[in-house]
1. Figure the gain on full extension for B:D23 and B:D331 (residue separation times 0.36 nm, minus the Cα-Cα span) and round it to one decimal in nm.
2. What 222 nm value per residue comes from the helices of chain B, counting each DSSP H run with n ≥ 4 as -39,500 (n - 2.57) and dividing by all residues, nearest 500 deg cm²/dmol?
3. If you build the Cα gyration tensor of region B:92-175 and take the root of 5 times each eigenvalue, what three semi-axes come out, in whole angstrom, biggest first?
4. Taking 7 Å along the Cα-to-C-beta vector as the label spot, tell me the A:Y107-B:E260 distance in nanometres, rounded to one decimal.
5. If you take the square roots of the eigenvalues of the alpha-carbon gyration tensor of chain B and sort them as a ≥ b ≥ c, do you get rounded (a/c under 1.5), prolate (a/b over b/c) or oblate?
6. Once phi is turned into ³J(HN,Hα) by the Karplus curve 6.51 cos²θ - 1.76 cosθ + 1.60 with θ = phi - 60°, what whole-Hz value does each residue of region B:22-34 show in order, with x for glycine and proline?
7. If a/c stays under 1.5 just call it rounded; otherwise compare a/b with b/c (prolate if a/b is bigger, oblate if not). Do that for the protein assembly as shown, with a ≥ b ≥ c from the square roots of the Cα gyration tensor eigenvalues.
8. So, by mean Cβ neighbours within 10 angstrom, what's the order for B:254-260, B:339-345 with the highest one leading?
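Each reported figure results from applying straightforward, stated rules to the coordinates on display, with no laboratory input. Computed from a prediction, not measured in an experiment: that's the story for all the values here. Methodologically, a virtual Cβ is constructed for each residue, glycine included, from the backbone with ideal geometry; neighbour enumeration extends over all protein chains shown.
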Amino acid sequence: MSSTSYIIPRLLNNTLRRIIPKELLCKKEKPGEEIAICLNVTRLNEYYQTISSIRNEKEKEPLFLFCEVYPKLCYEAQENRCSQFFKVVKHMTLRFQQATDEYTQIYLILHSYYSRESDLDLLKIIDYMNSMGLSLELIKDVRVNYIKKGEHTKLCKIESIDKNSLELKYDTHTEKIDLNYLRNNQQSQEKVILRINPTYRTSREFIEKYLCKDFDKHKELNADRNPEKYFKSLKNDLEILKSIIGEKIYLSGVYFSIGNFLKLES
Amino acid sequence: MRFFERFKIVDFKFNFKNGIATDAYRIVKLGPLSKTPLYKNATVGVDQYRLLLILYKEESKIEERVKQFIKDLKEGLVDKRIFLGFNQVLETNVEIEALPFKAYDPDIIFDTFNQHEYSNVAFPVIILPKVAKSQYDSIYYRTKAVFLAKDIPTQVVTIDLLEDLNNYKWSLLPLIVQIFVKMGGVPYALARRFISTENLADVAINILGFGLSYHPLQKERGVGFITVFDHNGVWNFMDSIALTMDKIDNITENVAKLIERSIEMILHRTTVKNQILIIHYSGKEISSREEEAIRNAITTAKYLNKFIAVNVLKIKDSDIVVGFEDSPHKDKSGKYTWYPPVGIVFSLKRDVYLMVTTGYFESGRGDIMSNIRRGLPSSKIIARHREMEIQDQSKSLLEDRDLLASVFAMCRLNYASMSNPLSKDPVTIRYSREIAWLTLRLEEHGTDLSKLAKIKNIMWFI
């Protein structure tokens, strides 16, 4: 349903943004997502323990089994390579939307999937490579996003790299960057951020080989869901959401409660 | 929420040369419907081809696989139930040969083909490395464009496919059916019109797929394109037009021109007096500004009043997940999946519907099967745009059910995969990127695709 311009859903969405604790909001907003809550396995586990209606339903949440198989992608540990760079989380997007047909209803649009939080800052990776005694040459050809405030993000290829500097290629231009300058510049307003872009083959090969072999496994979590698994966990997601935002949302003297009509008739 | 309609695959049967069947695989026994387009055009047809020319890079490690490929095309696989052979399935009489080229360079590949003494009666099948379809500058699009500019359709086969023995054997039949289509043949069509009413027996229904795409690298450039099918899903023709995307008047003017051209062509190619036009357009890349331009173009296009009715449907991907607690479908381990039936339609609000396009279905023998292996089912949102419609206000010729059936029917037409009885996208909007990118690429080389006589009349883009 197309219209999101009605006032009450907008106010409700604004209220949601205010009442959801900041630490639960996803670090990075995806295009088109109004509000997104990201829950790691530890946090998710807390909800499953504290909410009585779902306490015995952990088998309905696929992330728990996934994290038993791939703990390195879920929990932090010093000696664990993957966890320094990646964490798989449950990603819940939500918004209120009004639909007017014969009569007006406000829907809560809730959708859940699994995503990977990545921290692929190039400086951090250089430090890691150095600490492991790996040659920086191995980062050659990897694709990085060049991010600078006020400029469009540029996709660059690392043409060459050594302990002092690196050379980036963007279209037909080449730019040399001094690594010390880059490090010292991190606190400045004009800072440049270089982040590996894992979409490209050369980047993926580098990540798989030197950072985290299983970094793409969360895709299996999404691909393995069928409607039965999806709706059984979505029912619990709704309980978790209610526990986060409260049973009722107060707006200008009116309480809005969330009903559950997650059922189809055939 | 109650469902509005449930279309069943078994009610949308296919017509072959020697009979009617529910699934496309029966082409093996029933033969292709026609070796020439069913709409008048004398310049294309399967019988014009005498040779399949397999072009591959010389000295490559795949020589053995190419030899095997030719043998399989000629003789079929050992298991004839999987693949019978090119001429055997398609009732053709073409020779099959291989020809090596020196480098993965589109011009070199074309020159190699062109130098063959029978290139004028040869269909090129080109072996290329696998590349992401999302790369505009890939060898795949560049090579296809060089041949298209000379009015020659091609079939690309990836090295990966030749080397993946399991996938390969199941791909041979759909592969040759795609070649047959690109030669100008009609493998099969729907056995009857998709509408249920008998009242319109003397009326022809045309389905026009319309798309608008941006150039992937130059945002000010774009292309509008149309594909036209009839009420049996039989291919008619395609056309396209270049657009200047930063000038809204240019979009309106040119889209109107494209639609006018298409209407003239539709009317020129038929003797049926009463015609209905259903427009399917995809909202994937379209902003509200462009939508407005399309709306203006459709309502201002001349000759639309030659139709007794014009209906407009906007079709877009939906992120709504549909689950059926009572679904009979089970996964490999015997657990219920809650997959919904394919073809089920819900009414979201007036004139807006949700159609499930992947889920479970019953085979002709009553087995419960699915056209999705795993993951969540996909669905389409279909919105009827009455404000753009033209029709006699006193009577509605096509009901919503008929219009939705046009979408379901077009999902049935899937020459690229024989085993999938329903594609998640209707054929009218499925090939947007392929058509747009190749049209834009040709334009860069100074070739207007709409001027190419052969290409306009075949489904070169599948």
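1. Details: separation 308, 0.36 × 308 = 110.88 nm, distance 2.20 nm.
Full extension of this stretch gives 108.7 nm more.
2. Result for chain B, helices only: -8500 deg cm²/dmol.
3. Details: eigenvalues 84, 67, 27 Å².
They are 20, 18, 12 Å, listed largest first.
4. Each label point lies 7 Å from its Cα, and together they span 4.1 nm.
5. It comes out oblate by the Cα gyration axes.
6. For region B:22-34, the Karplus-derived couplings read 7, 10, 5, 4, 5, 4, 4, 9, 9, x, x, 5, 8 Hz, x marking Gly and Pro.
7. Oblate.
8. B:339-345, B:254-260
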